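The values are calculated or read from the model by the stated rules, or taken from the named source; none is laboratory data. Every value quoted in this text rests on a predicted model; they were computed, and no experiment measured them. Cβ placement follows ideal geometry from the backbone for every residue including glycine, while neighbour counts extend to all protein chains displayed.
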Amino acid sequence: MKQSWKGMAVDKKALAMFGLAKKAGKIIAGTEQVTNGIRKSIPCTVYLSTEASENSKKRIRNCCGYYNIELYELDITINDMAHIIGKKGAISAIAITDMSFTAAIKNIITKNQQ
């Protein structure tokens, strides 16, 4: 179930929600950790950077499709994705494990699209 926010600037409020989710311990970060989490049915929603490698995109898309996990592609760089959750380096995928944070982020971004 892929939805894309390509071309849409991700609102600062949505980015702040990612930071809050990280502080609350409700985030899984990195392609390998996200795919392992999906297999264990942990995440509610997965967010993928449009700048991720084709291999990472394929792995995440296939996993989300098979386990019926919502997948969103964000138009942010892999470095920015790492920065919003307070990590250094590059992260191509983030999974939110709490339904409340998922709903809040989705609500903020869909309001900005209208």
Exercise for review: Working only within the stretch 18-48, note down all residues that are within 19 Å of Met99 (Cβ to Cβ), in contact with a strand residue (DSSP E or B) (Cβ under 6 Å, 6 or more places away or on another chain) and among the polar types (S, T, N, Q).
Suggested key: Thr45
**Study point:** Flag if Ile91 is assigned to a loop (DSSP other than H, G, I, E, B) and in contact with a strand residue (DSSP E or B) (Cβ under 6 Å, 6 or more places away or on another chain)
**Key:** yes
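Can you give me the number of residues within the stretch 84-97 that are surrounded by 18 or more Cβ atoms within 10 Å (Cβ to Cβ) and over 12 Å from Thr50 (Cβ atoms)?
Within the stretch 84-97, residues that are surrounded by 18 or more Cβ atoms within 10 Å (Cβ to Cβ) and over 12 Å from Thr50 (Cβ atoms) number 5.
Within the stretch 57-77, count every residue that is under 20 Å from Thr97 (Cα atoms), part of a helix (DSSP H, G or I) and charged (D, E, K, R).
3
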Exercise for review: For the stretch 49-56, indicate whether the set of residues that are farther than 18 Å from Lys13 by Cα, small (Gly, Ala, Ser) and assigned to a helix (DSSP H, G or I) is non-empty.
Suggested key: yes
Study note, to complete from the structure: Filter the stretch 1-38 for residues that are modelled with pLDDT of 90 or more and on the phi > 0 side of the Ramachandran plot; the one that is farthest from the chain's Cα centre (by Cα) is Gly25
Exercise for review: For the stretch 49-71, state whether one or more residues are touching a strand residue (DSSP E or B) at 6+ places or on another chain (Cβ under 8 Å) and on the phi > 0 side of the Ramachandran plot.
Suggested key: no
Exercise for review: Could you give me the residue pairs with C-beta distances under 6 Å whose first residue belongs to the stretch 60-78 and is buried (at least 20 other Cβ atoms within 10 Å of the Cβ), whose second residue is assigned to a helix (DSSP H, G or I) wherever it lies, and which are 6+ apart or on separate chains?
Suggested key: Cys63/Thr35; Cys63/Ile38; Ile69/Ile38; Leu71/Cys64
